[in-house]
Structure formats: C-alpha cells, structure tokens
Amino acid sequence: MAIEFCAIGGYSEVGMNMCAFKINDEVIICDMGFYLPEVVRLQDEEIVKTTLTREDLIHLHVVPNDAVIKDWRAKVKAIILPHCHLDHIGAVPHLAEAYDCPIFGSPYTIEVLKSILKDEGVKLKNKLRILNGNDSVKISENITLEFLPIPHSTPQTMLAAFHTPEGIILYGNDFKLDNNPTLGPKPNYKRMKELGDKGVKLLVVDALYSHEEMKTPSELVAKEMLKDVMLGIEDKEHLVIVTTFASHIARLKSIIEFGRKMDRKIIILGRSMNKYISAAENIGLVYFSKEADIAKYGDQVRKKLQDVQKNPGKYLVICTGHQGEPRSILMRIATKELPYEFRQGDQVIFACKVIPAPINIANRAAMEAKLKQKGVRLFKDIHTSGHLAREDHHDLIELLKPKHIIPAQGDITILNPLADLAEELGYVRDKDVHVLKNGDSILIE
C-alpha cells in the first residue's frame, strides 16, 4: 500500500493552490484556489468571471485544471480548506460541485466561503462543515482529519493532519511559526512534536520564502512598526489612509487600535473589507463595527468621502488598494473617480508588501506615481510576512521529522530552495523530497 499524491495547482505558480491524496481507494482534496494575477487581469479588462464557464476559467488559467484527477472524482471523500485566502478557496464556487463530498474548514474560513458563494450567486450541493482547532473528525473508516491552529495573516488558519493507515499526512500551505501573535493562539508545538514522534509520512509545506535566510518576524513586530508610524503622526490637518489585506484581521485590529489613540474618526471603505470583517464579527472574533464606520456600497463610500473632504485631519480611512488594483477604493480616489481630492501632505500607509507578480508590480507603481504627483506622503512596507522563512522551515522539519517532503506554493525557482535545505538535513531529492509541477503524480512508498 502507498499514498498517491497529485499536484493540481500551485506547483508551477504562486497561487491557484489545489492538490489531492489517494490512500487506498479514498481521495482527499486540499485547497481549491484562484490564480489571483489572472483574476486581476479579468477585472482590468472588465470581464465578469460569473459569465465564464468552468472550462473557460480553466483555459484562462484562473482556476486549477482538475482534469488530472478525473479518474479519482467518485472516490473523493472531502475537500479541506485550511484557511480562507482566495488563492486557496476562490475556485470552490466553480469546481467543488464536481465532487460529491463535504467541504471542511474553520468557522472563519467557512463564514468567508459562505459570503463568496452569496456574492457569486452560487448554491453548492456540497455540505459545509465546520471543524474547530484542536478538534478532529472521522472522514471515512480509514481517514481522520485533525485541525491544529497555526498563525498566518488571516484568522483561524489550520495545519491539516490526516491520520491514515499509511501514516500521518500533514498539509501546511501558508502559515508561520509566530510565537507572539496579536490575534489567535501560538503554534501548538507540543502536539506537532507528538505527531512527529508518532510518525509523519508526508509533509506538504509552503516554500514561498524558503530562500530567505531568516526567521519570519512576528505580527507583533508589524504592530510596533504601525505604532511607530501612526502614533508618530502629529499632523492634525491632513488625511491618513492605511491600506492592507482585507482578510488580515489582526493587522486591521492594530490599525483601529492606533487610530483610536490618534483620536481620529475611523472609516473603513469597500465591499472586500466589509466581507472579511463581517465574517469575523459573525463568529464573535472581533467587533470593529462598534469602533469604526464601515461603508460597503458605492453611495455610502461617496458620502463618507465627501464628509472626509470637509475636515481631512479628523479622519483615519482604512481601505483596499495596497496592490494598486484598478477597481480598489484607493486607486479610484487617486484617479478622481471617488469624491476626495488628495492634498499636499496627506499620508498613505501601505501595511503590506507588493505580491511579486508582474501585474501587481505594475499596478502599484502606477498608483504610487499618481499619489506622488498629488504630493501625498507614502509609508511603504509596514509589514511582516505570514509565511515561513528558511530557518522556520529548518525548525519545522526537525520538529516533525517527516519521512517525505513536498514543497508547495510556487514554481521550481521557489520550490527548489526548500528542497536544497531538506538535502542539507539528510533528505535525498526524488527519493524523499519531491519537487513537482502542476499535473504531476507520485507514489509515496
């Protein structure tokens, strides 16, 4: 008997994550994500993805090509979504219905997924099932799923541990070893070591920053960076805008905390911000709507910005646009599509880094140029990553002692540094550390 693993998406690019395990005659799918640069391109060209068929989206490289597991479809027992980022769950409305099985996620992930399905007018036949951190559920007679809470840049991210007759499979695609998270628990090192001692047959792990020779700093460091910038602003005449990932609830919590200390009226703008904040409020994770005004729709946004224009120094605005997205709130302000006229000395804080895809780099550069023309002060890279770096990978491998490792989340240039590290630790490439590309399948003996 063996484990058969298929790399469906996210092994030839950053994003569009999807893979499947076959244990005996049962299959588990992990992740079902968008390729975000292509989604941004469709938005740039004003192509509405809801008018495109499943096959169109696969052809356009927006969602994974799951034809590689067409022979496994009837054997799929569950779809597992360990966290809510769109490059991991965005394809669910388009692909999931082909599989007659439930979808498992944390309370927050499932709440976000429900919002996405509602926005896209999709009613799935798949049952949505919630699994809390540190809990487990029997998926079939032979497979039990255990969720281990782990820090990342969105709440209730999980490591997915599959207990099978072939041993433990641990799936961790996007997380960090943050010992001082500002929202949610620390890594459960004790349980991770117990799994390692019991025997991890296969570790599938995010390799995105495995080339960075460092340990990823804590979100607490990002909070201190924000504090330094935001509380260092004594200007009472100019607007302050902070833009960050809408799903980064911990980061938003810090921004709101410092906005209150600045004694500014806090306004949160945009549907994306509202979606992720509402999901967090629905499960009792935060209550931002008690501390800030949230404007979701266009008319509400315009009204709030007209109020801001009258007295900019009174306000802190939190909005989308950190990647320079053409339809984001910040870009629409910069292009005068929305009714706020930037003034010399207004301040924009980018609590993020640019995601390194050509379209994002170009869009952000265009946005920054527009802002600078208007005399706006820019504070960039107020951020720490939500991903493991090389020394985190080193510690993780030593803690879990997996028999096999599959690097995930990127093309060969991103996957190779983790394979190189594994070789330094005694693994042998193509024997027990496996660098794959989309469509590849391997047997784990």
Relative to the longest principal axis of the C-alpha atoms of the chain, give the angle of the C-alpha long axis of helix 189-198, reported between 0 and 90° and rounded to the nearest 10°. 20
Express in whole angstrom the spacing between the alpha-carbon centres of segment 177-249 and segment 349-418. 12
Give me the one-decimal nm value for the distance between modelled label points at L60 and E120, 7 Å along each residue's Cα-to-Cβ direction. 1.2
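Can you tell me the dipole magnitude for segment 219-379 around its Cα centre, using point charges on the Cβ only (Lys, Arg +1; Asp, Glu -1), in Debye to the nearest 20?
In debye, rounded to 20, segment 219-379 gives about 300.
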Starting from the amide H of I444, placed 1.01 Å from N in the peptide plane, find each other amide H under 5 Å away whose residue is 5 or more places distant or on another chain. I3, E4, F5
For segment 296-445, just say rounded, prolate or oblate: build the C-alpha gyration tensor, square-root its eigenvalues into a ≥ b ≥ c, call rounded for a/c under 1.5, and beyond that prolate if a/b exceeds b/c, oblate if not. prolate
Charges at C-beta only: +1 for Lys and Arg, -1 for Asp and Glu. How large is the resulting dipole of the chain about its Cα centre, in Debye rounded to 20? 1760
Amide H to amide H, which residues 5 or more places from I266 or on other chains are under 5 Å from it, using H placed in the peptide plane? D293, L316
Given the options I268, I294, I283, state which has the largest fluctuation in a GNM of the chain using a 10 Å cut-off (strictly under) for Cα springs. I283
How much of the DSSP bridge set in the chain is antiparallel, in percent, rounded to the nearest 5? 40
Computed over the chain: relative contact order in percent, which uses C-alpha pairs under 8 Å that are six or more apart: 19
Which of Y99, T157, I241, positive extreme of dipole for the chain (C-beta unit charges): I241
When the helix-only estimate is applied to the chain (DSSP H runs of n ≥ 4, each -39,500 (n - 2.57), divided by the residue count), what is the mean residue ellipticity at 222 nm, nearest 500 deg cm²/dmol? -9500 deg cm²/dmol
Anisotropy class of segment 347-435 from Cα gyration tensor, a/c 1.5 cut: prolate
Summing +1 for each Lys or Arg and -1 for each Asp or Glu, what net charge is found among the other residues whose Cβ lies under 13 Å from the Cβ of G105? 0
Among D395, D119, D174, which one shows the highest mean-square fluctuation when the chain is modelled as a Gaussian network with alpha-carbon springs under 10 Å? D119
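Within 12 Å, Cβ to Cβ, of L399, how many net charges do the neighbouring residues add up to if Lys/Arg are +1 and Asp/Glu are -1?
-1
Going by a ≥ b ≥ c, the root eigenvalues of the Cα gyration tensor, does segment 219-379 fall in the rounded group (a/c under 1.5), the prolate group (a/b larger than b/c) or the oblate group? Numbers along the way, then the final one.
Numbers: a/c = 1.22, a/b = 1.14, b/c = 1.07.
It is rounded, given that a/c, with a ≥ b ≥ c, falls under 1.5.
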Kirkwood hydrodynamic radius of the chain, Cα pairs, Å: 22.5
Computed D for segment 1-94, Stokes-Einstein, Kirkwood radius over alpha-carbon pairs, 25 °C, 0.890 mPa s, to the nearest µm² per second, is 180
What angle, in degrees between 0 and 90 and rounded to the nearest 10, separates the Cα long axis of helix 219-230 from the longest principal axis of the Cα atoms of the chain? 10
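Net charge around E4, counting only other residues with Cβ within less than 15 Å of its Cβ (Lys, Arg = +1; Asp, Glu = -1)?
Result for the local shell: 0.
Coordinate-derived values only; no laboratory data. Everything numeric in this text was worked out from a predicted model, so none of it was measured. Positions of Cβ are backbone-derived with ideal geometry, glycine not excepted, and every protein chain shown enters the neighbour counts.
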